Amino acid sequence: MPTMHIQPYTALGPDAVLDALESINLRGDGRLLALNSYENRVYQVGMEEGPPLIAKFYRPARWSDAEILEEHAFVATLATREIPVVPALEISGRTLHEYNGFRFAVFTRHGGRAPELDDRNTLEWMGRFIGRIHAVGALQPYRHRPTLDIGSFGVEPSTYLLAHDFIPAELVEVYRGVIGLALDGIRRCYDRAGTLTNIRLHGDCHIGNVLWTDAGPHFVDFDDSRMGPAIQDLWMLLSGERADMVRQLTDLLAGYEDFHEFDPRELHLVDALRTLRLIHYAAWIARRWDDPAFAVAFPWFNTQRYWQDRILELREQIALMDEPPLSV
């Protein structure tokens with residue numbers, strides 16, 4: 001594999017960040033601010049001329065060049081349609097660059113605050129823009145990026161965890177049994193939903209990836225963009241008791257359906273997708289455990305208490321997946 005896919009982040013010091021930018025004729029002034037990102041390394045970089053820029057250095061071996069460029073093209077298309085996203089800047093005809101083994105992209109800086117999801121107007125506003133994103137996402141499929149499915153988000157991650165001794169020995173069989181029940185519950189949810197259409201998604205549309213200003217939302221960080229059901233970009237904005245989630249979803253869809261039709265059968269997948277995310281998240285941390293940043297950020301990972309809590313979460317999800325879906 002090319003060097004760029006195996007270079008460790010330990011070689012990405014401040015000088016390397018500035019040198020990478022200078023290699024594409026962007027001269028930093030030495031001011032670097034590391035932003036909150038574990039999967040990649042992201043920096044706000046002060047520039048000698050003009051406002052600060054955001055430099056994103058991709059985690060080696062996670063995405064191929066084709067997968068990254070496909071995501072860049074999708075976001076660029078959204079931007080041309082005046083949808084509030086932050087596309088990678090095209091510099092010398094390219095959005096993806098390489099320096100000393102690292103692949104990186106550069107973005108304009110956008111400030112903002114977390115949206116107030118208890119405000120009905122805010123939810124409807126966000127729903128309109130998610131609907132517009134999905135209307136574009138449905139025009140054509142990704143050719144290189146993967147699809148969110150039971151195999152890649154449930155079966156494979158849980159198999160990885162069991163095969164690599166992350167779970168305490170006394171909990172292995174308990175976890176194995178609970179995972180089996182959870183995957184069966186997920187499959188039942190998908191069976192009840194029937195055949196659905198997968199579209200290009202944001203993929204990780206939680207409150208931390210939405211920057212709110214008086215002008216409305218900006219959707220950032222399409223790094224997890226992939227094919228999947230539309231409800232994936234809506235359910236992570238729901239919280240609270242069932243009645244709260246019904247109200248929130250109703251407000252989101254009030255704006256969403258102005259621009260894209262929503263298939264109500266996808267409501268059968270809300271708790272299935274939440275369960276898949278729980279399984280996938282634990283395996284995501286496990287796969288990155290040799291990255292020193294993860295041991296600092298997740299010191300509780302791989303303790304007995306952590307896995308006991310994960311087992312309890314999955315048991316709760318197993319029960320929820322057999323309840324009637326949300327209705328709006």
Legend entry - Residue satisfying condition, being among the aliphatic types (A, V, I, L, M) and in contact with a helix residue (DSSP H, G or I) (Cβ under 8 Å, 6 or more places away or on another chain), within set Val220, Val246: Val220
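How do the helices (runs of 4 or more DSSP H) wholly within the range 238-312 filter down when requiring 2 or more residues that are more than 18 Å from Val178 (Cβ to Cβ), among the acidic types (Asp, Glu) and not assigned by TED's automatic domain parsing to the domain that holds Ile83: which remain? Even if it seems obvious, please write down each step before you answer.
Values: elements: 242-256, 270-287, 292-297.
Filter on the range 238-312 gives 242-256.
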Inset, instruction - Output the residues belonging to the range 56-93 that are closer than 14 Å to Phe107 by Cα, of a type in the set (Gly, Ala, Ser) and in a loop (DSSP other than H, G, I, E, B). - result: Ala88
Inset, instruction - Take the range 1-40 and flag every residue that is of a type in the set (Val, Ile, Thr) and at pLDDT below 95. - result: Thr3, Ile6, Thr10
Legend entry - Total residues in the range 90-128, condition under 20 Å from Ser239 (Cα atoms) and of a type outside the set (Asp, Glu): 12
Inset, instruction - Within the range 107-138, work out how many residues are outside any helix (DSSP H, G or I), touching a helix residue (DSSP H, G or I) at 6+ places or on another chain (Cβ under 7 Å) and not charged (D, E, K, R). - result: 3
Legend entry - Those residues of the range 219-248 which are among the aliphatic types (A, V, I, L, M) and farther than 19 Å from Gly203 by Cβ, in sequence order: Ala243, Met245, Val246
Inset, instruction - Residue by residue through the range 15-47, note down the ones that are assigned to a loop (DSSP other than H, G, I, E, B) and farther than 18 Å from Leu89 by Cα. - result: Leu35, Asn36, Ser37, Tyr38, Glu39
Inset, instruction - Say whether the condition of being surrounded by fewer than 16 Cβ atoms within 10 Å (Cβ to Cβ) and either among the β-branched types (Val, Ile, Thr) or modelled with pLDDT of 95 or more (or both) is met by at least one residue in the range 264-278. - result: yes
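The values are calculated or read from the model by the stated rules, or taken from the named source; none is laboratory data. None of the values given here were measured: they were computed from a predicted structure. Virtual Cβ from ideal backbone geometry, glycine too; neighbours counted across all protein chains shown.
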